[in-house]
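**Student:** Have a look at the structure that comes next, please.
The values are calculated or read from the model by the stated rules, or taken from the named source; none is laboratory data. These numbers come from a predicted model, not from an experiment. Note that we place each Cβ from the backbone using ideal geometry, even for glycine, and neighbour counts take in every protein chain shown. When the accessible area is computed, the model is the full protein with side chains, heavy atoms only, and any ligands, DNA or RNA have been set aside. Shrake-Rupley method; radii C 1.70, N 1.55, O 1.52, S 1.80 Å.
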Amino acid sequence: MELIWYGHACFMLRSEDGSAVFDPYVPGYVQGLRLPPLTADAVVCSHKHSDHYCPEAVMLSGKPPRFKMQQIYSFHDECMGAKRGCNLITVVNAEGLSVAHCGDLGHTLNTETLNCLGKIDILMIPVGGIYTLDAKAAKAVCEQIKPTVIIPMHYRCGKVGIQKLAPVDDFLGLFDENGITRLPSNTLTIEKPLKPSVTVFTL
């Protein structure tokens, strides 16, 4: 399995069971980022804000993916959607691994949502604050879900990204440096058995 990060909250998942793109953004909407041509079996958007919703950016292969996919309702804020509306958490089960993309999650999780999620091996979680979980709240959600691999997303990378967001270092500072894996590229190759880590991609 591979996960490829295209910045912000956009990822491509490639597996022997199929492929999917999560949360492609509208061209020019996220500072310093532009998506390359993308083709996948499925495109999944957590909500309809322009930095997460551009399904037309992905050419569909015409083949339905063979993996199981579940979407779980949540909120874009801590006020049950009163500020920013609803959000979908997407869980893909492929190659014997469960991979969750949290979209623009804005709150810690209740018992019902945690039960719906079940065991998560790889968690993509927003950490930049302002519009989503901030570093401390994201850490709390990680402690609730207990994934093996944590992948922070939706943060500012210097002049790249939405400038109001915090940098990823605010989140990483809450973890032991020995448990952080910094990748030299935007691609993570996943092999079992997984090793626990907080994994950071390079654009």
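**Student:** List the aspartates and glutamates whose Cα lies under 12 Å from the Cα of K139, skipping any in the same chain that are fewer than 8 positions away.
**Tutor:** Within reach: D170.
**Student:** What's the ranking of 18-27, 183-192, 53-62 by average number of surrounding C-beta atoms within 10 Å, highest first?
**Tutor:** By packing density, highest mean first, the sequence is 18-27, 53-62, 183-192.
**Student:** Within a Cβ distance under 12 Å of A137, other residues only, what is the Lys/Arg minus Asp/Glu net charge?
**Tutor:** Residues near A137 contribute -3 overall.
**Student:** Let me ask you something else. What does the C-alpha gyration tensor say about the overall shape of the range 64-153? Classify as rounded when a/c is under 1.5, otherwise prolate if a/b is larger than b/c, or oblate.
**Tutor:** Prolate shape, in that a/c is at least 1.5 and a/b is the bigger ratio.
**Student:** To continue, here is another question. Students often get this wrong, so try it: which of (1) 40, 39, 36; (2) 50, 43, 28; (3) 62, 41, 26 is Cα extents along the principal axes in Å as calculated from the structure shown?
**Tutor:** Matching entry in (1) 40, 39, 36; (2) 50, 43, 28; (3) 62, 41, 26: (1).
**Student:** Continuing with the same structure: Rounded to the nearest whole Å², what accessible area per residue is found for the chain with the 1.4 Å probe?
**Tutor:** 47 Å²
**Student:** Sticking with this structure for a sec: Express in whole angstrom the spacing between the alpha-carbon centres of the range 1-52 and the range 109-165.
**Tutor:** One Cα centre to the other: 17 Å.
**Student:** If the limit is 22 Å between Cα atoms, which of K159/K195; K146/K195; K83/K164 go over it?
**Tutor:** Going by Cα-Cα distance, K159/K195 fall outside the 22 Å limit.
**Student:** Which value in nm describes the separation of the simple spin-label points at L114 and Q163, placed 7 Å from the Cα toward the beta carbon?
**Tutor:** 4.0 nm
**Student:** Ignoring any ligand, DNA or RNA, what whole percent of the accessible area of the range 1-117 comes from carbon and sulfur when the probe is 1.4 angstrom?
**Tutor:** Of the solvent-accessible surface of the range 1-117, carbon and sulfur hold 51 percent.
**Student:** Arrange the peptides 116-129, 75-88 so that the one whose residues have, on average, the most other Cβ atoms within 10 Å appears first.
**Tutor:** Highest-to-lowest ranking by the protection proxy: 116-129, 75-88.
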